[in-house]
Amino acid sequence: NVTNKLIEAKVVAIVGSHCSSAHLAAMPLIETAKIPMVTGIASNPLITEKSGKGGTTFAFRINPSDKNMMDALGQYLGEKKLFKKVAIVAEDTDFGRGGAAAFIDVAGKAGITISSTDYTPQAMPDYTSVLTRIQQSRPDAIATFQLSADSINFLRNAMQMGVRIPYTGRIELGGKNVAVIEAGGMENSISAW
C-alpha cells in the first residue's frame, strides 16, 4: 500500500523497505513504475535472486543478504568446529524463513547437523514449549532468526528457564545488547549481523 502511494505521488526513488516481505512485495510495483528502490536492511536472499537482469531491474540492495552472512558464519563455524548440533528458531516471515534456509544450506558444509527447526509467529508471548523441547534435544547451539521484540522475548524466556545453550545465526538484541550480555544470556554465542 505504501509503495502504491509513493508511486502515485510520483517520487523519483524509494529507500526501503525495512522488512524483506514488504520489499519483495514492492518489487513488481516499482518495476512497472520504473522507480528505483534501494534497501540497506531487508536481507532475504530472494531479493538478490529476483533483482537485476531477468528480474526487477529497479531494485537494489546495499547490504549483504542472509545467504552472504550465513556463508561467512558457516565458514567460521566450520573452521572452529564449535557446534555439531544446532536447533533453529525463526519467525514465520520472509526474514525468518530466508535466514533459516541460508543457515541450513551452510550447516552441512560446516559439519553441523540441524536437530530441529521451529517457525514461530511474530509476537508469540511465550516460548516455553519450544525451549523445553529444544533443551531436551541437547543441541550445542540455537540459531535464531527473529527480530527485535520477539528475539528479546525469546532470550528472556530462555534466561528465565535457565537455558544455557549458546546462540548463533542472526541474533537481534533489539538495542538491549549490553543488558542481555551483562545478564549472561549470550555466553559463547556467535552471530552474523
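Residues that are surrounded by fewer than 24 Cβ atoms within 10 Å (Cβ to Cβ) and touching a residue at least 12 places away in the same chain (Cβ under 8 Å): which strands (runs of 3 or more DSSP E) entirely in the range 77-153 hold 2 or more of them? Can you show your working first?
Details: elements: 85-91, 113-120, 141-145.
Qualifying strands (runs of 3 or more DSSP E): 85-91, 113-120.
Within the range 1-19, take every residue that is among the aliphatic types (A, V, I, L, M) and open to solvent by less than 50 Å² (accessible area, probe 1.4 Å) and give me the one that is nearest to Ser65 (Cα to Cα). Before you say what the answer is, go through the steps one by one.
As a first pass, look at the range 1-19 and keep what is among the aliphatic types (A, V, I, L, M): 2, 6-7, 9, 11-15.
From what's left, open to solvent by less than 50 Å² (accessible area, probe 1.4 Å): 7, 11, 14.
On the way: Ile7: 26, Val11: 26, Ile14: 19 Å.
The qualifying residue nearest to Ser65 (Cα to Cα) is Ile14.
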Checklist entry - List pairs: first in the range 25-53 and at negative phi, second open to solvent by 60 Å² or more (accessible area, probe 1.4 Å) and outside any loop (DSSP other than H, G, I, E, B), Cβ under 6 Å, 6+ apart or cross-chain? => result Val38/Val15; Val38/Phe60; Pro45/Lys67
Checklist outcome for this item: Among residues of the range 62-115 being closer than 14 Å to Ser43 by Cβ and acidic (Asp, Glu), the residue modelled with the lowest pLDDT is Asp94
Checklist entry - Do the conditions hold for Ala22, that is, is it open to solvent by 30 Å² or more (accessible area, probe 1.4 Å), closer than 17 Å to Gly96 by Cα and touching a residue at least 12 places away in the same chain (Cβ under 8 Å)? => result yes
Checklist entry - Hey, does the range 161-179 have a residue that's open to solvent by 60 Å² or more (accessible area, probe 1.4 Å), closer than 24 Å to Ser20 by Cβ, among the charged types (D, E, K, R) and at pLDDT below 90? => result yes
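The values are calculated or read from the model by the stated rules, or taken from the named source; none is laboratory data. Note that the coordinates shown come from a computational prediction; the quantities given were computed from them, not determined experimentally. Here the Cβ is made from the backbone with ideal geometry for all residues, glycine too, and neighbour counts use every protein chain on show. Side chains included, ligands, DNA and RNA excluded: accessible areas come from the protein's heavy atoms. Shrake-Rupley method; radii C 1.70, N 1.55, O 1.52, S 1.80 Å.
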